[in-house]
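Below is one structure, written out as C-alpha cells; the observations come after it.
The numbers here are math on the coordinates, done by the rules we state, and not lab data. Treat the numbers as computed from the prediction; the structure is a model and nothing was measured. Reconstructed Cβ throughout: ideal geometry from the backbone, glycine too, with neighbour counts over all protein chains shown.
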Amino acid sequence: MDASERRPYHLTVSTPTPPVPQDITALEKHLCIACGAQAEWNAERQRLVCPFCGTEAQYSFKEGTGPIEELDLERALRETDDTQRGWQAETKSVQCRSCKAVMVYEAARVGQNCEFCGSPALVDYAATKAPVTPSSLLPFRTSEAQVRDTVRQWFASKWLAPNAFKRKALVDTLHGLYIPYWTFDARVHCPWRAEAGHYYYEKQGNNRVRRVRWSPASGVIDHFFDDLLIPGTRGIDHGLLAQVEPFPTQDLLSYDTAYLSGHVVEQYQVILVDAAEQGLVRMQAEVRQMCIEAIPGDTYQNLQMSPAWSGRTFKHVLVPVYVMAYMYGRRSYQVVVNASNGRMGGTYPISWVKVALIILAILIVLAIVNR
C-alpha cells in the first residue's frame, strides 16, 4: 500500500498546538457517479461535490426536521448504551509513542505512520470508553478560499509582527476539520439573600466621608440555560475557541457522515463527566452574577444562594473550524476560524525590535513634553 492510500478517518490530539495532518477523509465513502473519486462536502455549493470533475453527488441527507434531541444528563452519567458509542464504522485506534497523538484508522489498514510527526512508533490505543456518537453537527458554511483571503488580510494587519513573517502568509497550512463540543441545558431556581449597602455621606470638617447603610435583601432568580458550549477538544487552545464562539447551535443538523466527507474529524478527549462539571461551574458563576445584579443599593456583602437545578440535558455535537498551526522561530502558533460565521482568532509572533522602537519613541516624546 503506497503512502497516498494510507489515510486515517478521525484523529484526536493531546498537544496544545499540533500540526494539522493533510489528506484525511471522513467516515464513509461517497463516490462520484462520474469518475468514481471521493466526493467531498462543498461549503460554497452546500452539497457533496467531486473535487476532480466537479460533479454533484446524488445523495439524500438525513432530514433535519424538528429540534435535535436533548439527552438526560444524570442518566447518561450513570450509563450509556453501547449503541450510542462509536463512529458507526469499524475502526482501530492507535497512539503515537513520539508525540502522543491519538488517531482512528480503518480497521483493515496496517503499516501507518503518525500523521502528526511521521513516526512509525504506533501502538494500539484503548480508551476507557468508546466515544459517544455525535447527535448533530453544523456543516461548513464558509469556503476555504474565503478563509484564506481573511487570513492573509489578518496577517497584513499585524503591524507588530516581523516583516519576514508577513511575507510568508502561511495559508498553505490551513485545513478544515470538525471538532467536538458538548452542549448543556439546565433550569435553575435560586433563592438568595444578602445585605444590601446604600452609600451616604457625612461631613467631617471640610471633608465629605462616605458611609454605608446596610439592610437585608432577598429574592429569587429563575433562569434557563440553553446550549451552553463546552469544548471537547484538547487539540485547539480553548482561549482561541472563545474568540470565535458562539457557534449557531440553533442551526444544528442531524448527524450524517456525508457532511464530514473530505474533512478531519477529531475525537473528543474531554469526557462527558468532566465537561458536565465545567458546564455546571460556568452556570453557577453566571447565576451568582445574576444574584449580584439583583441586589439593590450600591454594594453588598454576605451573599448566600440556594440554587436548585432541574432539566439537565446535553448533546454531543461537531462544529466546523479552519485551523492553521505553524512554527515561527522556535515557537508554535495557531489560527482558528469559525467555519459557520467566519469569525477568527489567532496568535502570531511579535517583533521585539518594533516594540523597542515604539517604547523609545514614547520616551522621546515624554522627554520633549516634560522639558
Packing-based exposure ordering (other Cβ within 10 Å, fewest first) of 291, 53: 53, 291
Principal axis lengths of segment 229-371 from Cα atoms, whole Å, largest first? 68, 57, 26
Relative intensity, log₁₀ I(q)/I(0), of segment 289-371 from a Debye sum that treats every alpha carbon as a point, q = 0.25 Å⁻¹: -1.22
